[in-house]
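The values are calculated or read from the model by the stated rules, or taken from the named source; none is laboratory data. Everything numeric here is computed off the predicted structure, so don't read it as measured data. Here the Cβ is made from the backbone with ideal geometry for all residues, glycine too, and neighbour counts use every protein chain on show. Please note that ligands, DNA and RNA were not included when accessible areas were found on the heavy atoms of the full protein model with its side chains. Shrake-Rupley method; radii C 1.70, N 1.55, O 1.52, S 1.80 Å.
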Amino acid sequence: MDTTSQRKIHPNKEAFIEGVDHILAKWTALGLAVEHGWGGRETQEKREDMVDDIVQYFDDTVNAKKKPEPLDLQDLLLEVMELDFHVDLKDESEKEVAAVLCKLFAECKSGNFATVDKLAAERDAREALGQGNAAVKMSQAAARPAGFEADDSDSDSDSGSDSEDSDADMEED
């Protein structure tokens, strides 16, 4: 018997897992916790475990023949943020994250991957922009003769506020 076929994840669940990862990547509180290592040496692993914890919550809820509730998910998000990352959320962002995750679950369950595709495209664009900016800075630095400092007068016209706008609203219009 082929064990590989037994482990294949349903496409709806695969899309949901990807979507959860994208949503967590846009959550500012979690991003800061990971960036600054508030979870200790295993911060990145704890972030990955958080995806698994969320997916497991939905699996357990569906297996119990219940509807996933944002309020229950909020409790899970608060607990993980506090215990794993030592973050006491005061901004109530877990409410929006839980609501978006429940909406995403319903979409993926019905085979609608539009939100996941949109989130993936947004992430790809952010990564391409970040890599593009790094390449421009490296080429500008390489073009300067040795011993010359960068002229900061041109940097005032640079619009660097686009990255903040992408975190503002995770919900689909």
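Quick notes
- With every protein chain in place, segment 50-109: carbon and sulfur % of accessible area (1.4 Å): 50 percent
- Accessible-area order (highest first, 1.4 angstrom probe) of the listed residues 27, 38: 38, 27
- Computed over segment 1-111, the percent of Cα pairs more than 19 Å apart is 45.
- Using a probe of 1.4 Å, the accessible surface attributed to residue 36 totals some 100 Å² when neighbouring protein chains are kept in position.
- Residue pairs, from the table 26/118; 13/67; 8/103, whose Cα atoms sit over 19 Å apart: 8/103
- What you get for segment 58-133, charging only the Cβ of Lys and Arg (+1) and of Asp and Glu (-1), is a dipole of about 460 debye around the Cα centre.
- Rolling a 1.4 Å probe across all protein chains gives residue 17 an accessible area of roughly 50 Å².
- Note on residue 123: accessible area is roughly 50 Å² with a 1.4 Å probe, heavy atoms of protein only.
- For segment 56-135, the solvent-accessible area with a 1.4 angstrom probe is 59 square angstrom per residue.
- If you sort 95, 67, 46 by accessible surface, 1.4 Å probe, largest first, the order is 67, 95, 46.
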